[in-house]
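Engineer: This is the structure, below, for whatever I ask next.
Every number in this text was worked out from the coordinates using simple rules, so none of it is lab data. A quick note: this is a predicted structure, and the numbers were derived from the prediction, not measured. Every residue, glycine as well, gets a Cβ built from its backbone with ideal geometry; the counts of neighbours run over all protein chains shown.
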Ligand code: AHR
């Protein structure tokens, strides 16, 4: 038994407090503050984290913030009070984390950002940030559209379903997409509104877009597959053909998107992998072993147009 563990157990016994099983067994304890269960992607991400923790023999304290920053902050404070070994979280929005991250640092608990970044100048507040390059995902979506519309001079009216306001993927996917399409003035974003990464809101906002713009809409760019799937329903209910009357581009490449592509209702999905669990558990072990982690670990990802969907579907893991 190492000195730190022995001292912690002795202190608890001296104070007449129960010794947690994980501490008695010498298990690493990870506190994970998840965003919520807003999308198919998030469900797969949660599953990846839970199963990888089990596999790695790491005790996981898991909290679901239901897409509310105040819930995530509360969960992180609870992890600090419980003296977990490492805290990881996927920040629902980018800003407003300085205070709680400084509290974790003062308690000497290392923090890992999983999936999403924070907008804080002091990068000593976290050990590592692992996840996708969201700006590049937006660029991939933009490049696919530019290629599809190559050779045509007709104006292209785009409606954009944004992710959660203030979240890293919503900010970056917009930025990357605009960076590419701005090179050609025929592309115009005529409407842009948040659908909060959910199917229900994606449908609701698409209904409003259709009501306002109708047949003027040529392209839908959705920041995730769930919102695109919700929007597909709205397009069909409006008597139009998704992926034909309106070209649809989305992000994540979850199974639901593959099903929509195979059914001919979604044109393309840019991959964003939720399978961060094994990498996260390795990072937690490395931190405990005193190793230095890279400050940024970027996930490798592809892009899947509808033409390859049927072939790729059997090998998809989420
Ligand atoms: O942060 C990753 C994003 O969050 C996924 O693209 C989206 O589906 C999820 O809700």
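Engineer: Subtracting the Cα-Cα distance from 0.36 nm times the residue separation, let me have the gained length for residue 78 to residue 119 in nm, one decimal. Working shown, then result.
Structural biologist: Working: separation 41, 0.36 × 41 = 14.76 nm, distance 2.24 nm.
Fully extending the segment from residue 78 to residue 119 adds 12.5 nm.
Engineer: Still on this structure, please answer the following. Suppose the chain between residue 282 and residue 236 were pulled fully straight at 0.36 nm per residue; how much longer would it get relative to their current alpha carbon spacing?
Structural biologist: Values: separation 46, 0.36 × 46 = 16.56 nm, distance 4.48 nm.
Length gained, residue 282 through residue 236: 12.1 nm.
Engineer: Run lengths n ≥ 4 of DSSP H only: what is the helix-derived mean residue ellipticity at 222 nm for the chain, with -39500 (n - 2.57) per run over all residues, to the nearest 500? List each step's numbers first, then the result.
Structural biologist: On the way: 12 runs with 139 residues, N = 318.
Roughly -13500 deg cm²/dmol at 222 nm, from the helical runs in the chain.
Engineer: Right, another one. Once the Cα atoms of helix 40-56 and of the chain are each reduced to a long axis, what angle between those two axes, in degrees from 0 to 90 to the nearest 10, is obtained?
Structural biologist: 30
Engineer: Taking the chain as the reference, fit the longest principal axis to its C-alpha atoms, fit the long axis of helix 134-148 to the helix C-alpha atoms, and give the angle between the two in degrees, 0 to 90, nearest 10.
Structural biologist: 20
Engineer: Can you give me the C-alpha center-to-center distance between region 24-71 and region 133-147, rounded to a whole angstrom?
Structural biologist: Between the Cα centres of region 24-71 and region 133-147 lies a distance of 30 Å.
Engineer: Sort 205, 29 by Cβ crowding within 10 Å, fewest neighbours at the top. Can you show the working numbers first?
Structural biologist: Working: 205 25, 29 19.
So the ranking, lowest neighbour count to highest, is 29, 205.
Engineer: Hull surface divided by four, with the convex hull built on the Cα atoms of the chain: how many nm²? Intermediate results must be reported in sequence, preceding the final value.
Structural biologist: Details: hull surface 69.7 nm².
One quarter of the hull surface, i.e. the mean projection, equals 17.4 nm².
Engineer: May I ask you to sort 12, 276, 161 by Cβ crowding, counting other Cβ atoms within 10 Å and putting the fewest first?
Structural biologist: On the way: 12 16, 276 24, 161 30.
Fewest to most other Cβ atoms nearby, the residues stand as 12, 276, 161.
Engineer: Could you tell me how many degrees, from 0 to 90 and to the nearest 10, lie between the Cα long axis of helix 168-181 and the main elongation axis, the longest principal axis, of the Cα atoms of the chain?
Structural biologist: 30
Engineer: Using Cα pairs under 8 angstrom and six or more residues apart, how large is the relative contact order of the chain, in percent?
Structural biologist: Numbers: 617 pairs, mean separation 53.9, N = 318.
Contact order relative to length: 17 percent.
Engineer: Cα centroid distance between region 264-280 and region 107-122, in Å?
Structural biologist: A separation of 23 Å, based on Cα centres.
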